[in-house]
Amino acid sequence: MPARNMPLPQPHGPGLASAPRRWPGPWPTDPGCHGPAGARVDAALALLLTTLGDLDAAATAGRPTTEAERGAVRGALAHAGETARAVLTSMYELGSSTALYESSRLGRLFRDGHAAAQHAVLSAANYELAGRTVIGIPAGDPTL
C-alpha cells in the first residue's frame, strides 16, 4: 500500500490537539509535511519492488539471476532503510516533545522503525556492493 494511503499517527496527547501553537513550524499532522515524506517512501518502495520484480521475472523465465540484478536489490534495500530512517526522523522532529512520551504512537513508530532499519539487510554498507555490480566489478560477496 502506498504511504499516502496509510493512516497518520496521532502524536498528540489528550487535549493537546486543539492547543495553540507555541513553537514555529507546522503541526505533525499538516499535509504539507507529509507530502514530501510520503513521496520519498513511495519512491523507495517503487525502486525496491522494481528490482525484486526483475528477480521474479528471471525466476519465472527459468534463468538464473545475474549478480547485477541481485546487487540492484541490495542497493534498493539500503536505499529503503536510509529513506525510512530519514522520514522517521523528520516526523519525530515535527512531533516536538510529545514524541518523547512512552505513550506516544509517534515515539513508538520512531523507536520501532529505527530498530528495524538497523538490520544488516538495510545497511548502507550494501551501497558499495550494489555500486560494484553496477560498474561490472565482481561483488566479491558470497551472500550475493
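Descriptive notes on the structure:
- Rg [Å, one decimal], Dmax [Å, integer] - the range 59-144, C-alpha atoms: 17.2, 54
- Gain upon complete extension [A120, T89; 0.36 nm per residue less C-alpha separation]: 9.2 nm
- A46 paired with I135, simple spin-label distance in nm, labels 7 Å along Cα-to-beta-carbon: 2.8 nm
- When you count the other C-beta atoms within 10 angstrom of each residue and take the mean per peptide, 96-109, 72-85, 53-66 line up highest first as 72-85, 96-109, 53-66.
Taken together, the values in this text are just the output of simple stated rules run on the coordinates, not laboratory data. The structure presented is a predicted model; accordingly, all values stated were derived computationally and were not measured. Cβ: placed from backbone, ideal geometry, glycine included. Neighbour counts: every protein chain shown.
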